[in-house]
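The values are calculated or read from the model by the stated rules, or taken from the named source; none is laboratory data. Computed from a prediction, not measured in an experiment: that's the story for all the values here. All Cβ positions, glycine included, derive from the backbone under ideal geometry; neighbour counts span all protein chains shown. Surface areas here come from the heavy atoms of the whole protein model, side chains and all, with no ligands, DNA or RNA. Shrake-Rupley method; radii C 1.70, N 1.55, O 1.52, S 1.80 Å.
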Amino acid sequence: MDKSSVFQTYLTMLEDLKKLNNEANKKALSDNIDSFVSSNINFFTKSFMITLCAYLESYLKDISMEIIDAMNARLYSAKLPYNLVKWSILKKKELADLNDNELKFEQLTLNITKKELDSFISGMPYRTENLFKKFGIRLFDDEIYNHQKEKIISIVVKRNEILHYNDTASDLSFTDVSNNIDYVTEYIENLDKIVIIFINTPSGLSL
């Protein structure tokens, strides 16, 4: 599998957003000018930037859940006893010292819900790095990611200025938005490649 189903879903959404942005640009530049669009260019460009970053964050949340689900499928097949794994992880605390309510006579599963991911999700690459570390993925070892992250930071910072500081974003054109959509698409495509390799690696460890 070259691409996850999560990526394919967001690729379609990003392509639709780009079409909407480009159509607005055409109307603003047309000989028969659409007065509504031409009078509200700033509103449209800001809205598209906010939507773009929302898609980025939603992708990160959904692909994170994809990793958790894939690892849970492995655990289900392995049928590892919860108490034995917990004993190994704790190390300094003897299993006999654990309270009965700390023991579970069942197989190990990852009990991380989508809702619990919320506080870890951000479009900012450094926060994505920290999230992926928890999965065992070393994003900072990937050359493409390292090349892309500064631009992604600038896109997210611009969105934050619009959303939280009422930045007029007068320096933002439809062409800028289109380029940003392309860049975010390339960024999540590379993240998706990293995730797919990770999921398909027998040990589940980053290569």
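Roughly what angle does helix 125-135 make with the longest principal axis of the chain, taking Cα atoms, 0 to 90 degrees, to the nearest 10?
Between the helix axis and the principal axis of the chain, the angle is about 20 degrees.
Return the ratio Rg/(2.2 N^0.38 Å) for the stretch 70-207, where Rg is computed over Cα atoms only.
Dividing the Cα Rg of the stretch 70-207 by 2.2 N^0.38 Å gives 1.43.
Amide H of Gln107: which non-local residues (sequence gap of 5 or more, or other chain) have their own amide H closer than 5 Å, using H built in the peptide plane?
Tyr82
GluC sites (Glu not before Pro), restricted to the stretch 45-102: which are DSSP loop and have at most 12 other Cβ atoms within 10 Å?
Glu94
Would you mind calculating the gained length between Ser77 and Ser47 on full extension (0.36 nm times residue separation, minus the Cα-Cα distance), in nm to one decimal?
Here the answer is 6.3 nm.
May I ask you to evaluate 6.51 cos²θ - 1.76 cosθ + 1.60, the Karplus curve with θ = phi - 60°, for each residue of the stretch 3-14 and list the ³J(HN,Hα) values in order in whole Hz, giving x for glycine and proline?
Calculated HN-Hα couplings, in order: 10, 6, 5, 4, 4, 4, 5, 6, 4, 4, 5, 5 Hz.
Along the stretch 31-41, what does the Karplus equation 6.51 cos²θ - 1.76 cosθ + 1.60 (θ = phi - 60°) give for ³J(HN,Hα), rounded to whole Hz, x for Gly and Pro?
Whole-Hz 3J(HN,Hα) from phi for the stretch 31-41: 4, 8, 4, 7, 4, 5, 5, 5, 7, 10, 4.
List, in order, the whole-Hz ³J(HN,Hα) value for each residue of the stretch 150-166 obtained from phi through the Karplus relation with A = 6.51, B = -1.76, C = 1.60 and θ = phi - 60°; use x for Gly and Pro.
Calculated HN-Hα couplings, in order: 5, 5, 5, 4, 5, 5, 5, 4, 4, 4, 5, 5, 5, 6, 9, 10, 6 Hz.
Would you mind computing, in nm to one decimal, how far apart the modelled labels at Ile89 and Met65 are, each placed 7 Å from Cα along Cα→Cβ?
Rounded to a tenth, the inter-label distance reads 2.2 nm.
If the limit is 27 Å between Cα atoms, which of Lys26/Lys193; Lys19/Lys61; Lys3/Lys104; Lys19/Lys133 go over it?
Lys26/Lys193; Lys3/Lys104; Lys19/Lys133
What is the gain in length, in nm to one decimal, between Tyr183 and Asp97 on full extension, counting 0.36 nm per residue of separation less the C-alpha to C-alpha distance?
25.7 nm
Under a 10 Å cutoff between Cα atoms, tell me which one of Ser47, Ser58, Ser30 has the largest fluctuation in the Gaussian network model of the chain.
Ser30
State the percentage of accessible surface on the chain attributable to carbon and sulfur atoms; use a 1.4 Å probe and exclude ligands, DNA and RNA.
Accessible surface attributable to carbon and sulfur in the chain totals 55 percent.
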